[in-house]
Amino acid sequence: MAEEKKKGGVAAKTILKIILGLIFIGLGIWAIVGWWDELLVLIQGSIGLFAVLAGAITIAIAKE
């Protein structure tokens, strides 16, 4: 009997986690659609930083 309660509790927790995950995915999609222009500005602003970091990592690897 105790094992059945544990299995039911695990199943309920799993279902709760799946529902929460779906809610977060929905909120993420809503945020991307709602703030598309700002997201593009953020990505454009990050390109230079990523290029500098990629160059630094490439130089560090080349020195070895």
Look through 57, 23 and report the one residue that is surrounded by 10 or more Cβ atoms within 10 Å (Cβ to Cβ) and under 17 Å from the mean Cα position of the chain (by Cα). 23
So if I check each of 12, 54, which one is out of contact with any Leu (no Cβ under 6 Å at 6 or more places or on another chain) and modelled with pLDDT of 95 or more? 54
Does residue 45 satisfy the condition of being without any contact (Cβ under 8 Å) to a residue 40 or more places away in the chain and surrounded by 10 or more Cβ atoms within 10 Å (Cβ to Cβ)? no
Quick check on segment 32-39. Is at least one of its residues more than 24 Å from the chain's Cα centre (by Cα), part of a helix (DSSP H, G or I) and either surrounded by fewer than 10 Cβ atoms within 10 Å (Cβ to Cβ) or not β-branched (Val, Ile, Thr) (or both)? no
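The values are calculated or read from the model by the stated rules, or taken from the named source; none is laboratory data. Please read all numbers here as calculations on a predicted model, not as lab measurements. Every residue, glycine among them, receives a Cβ derived from its backbone with ideal geometry; neighbour counts consider all protein chains shown.
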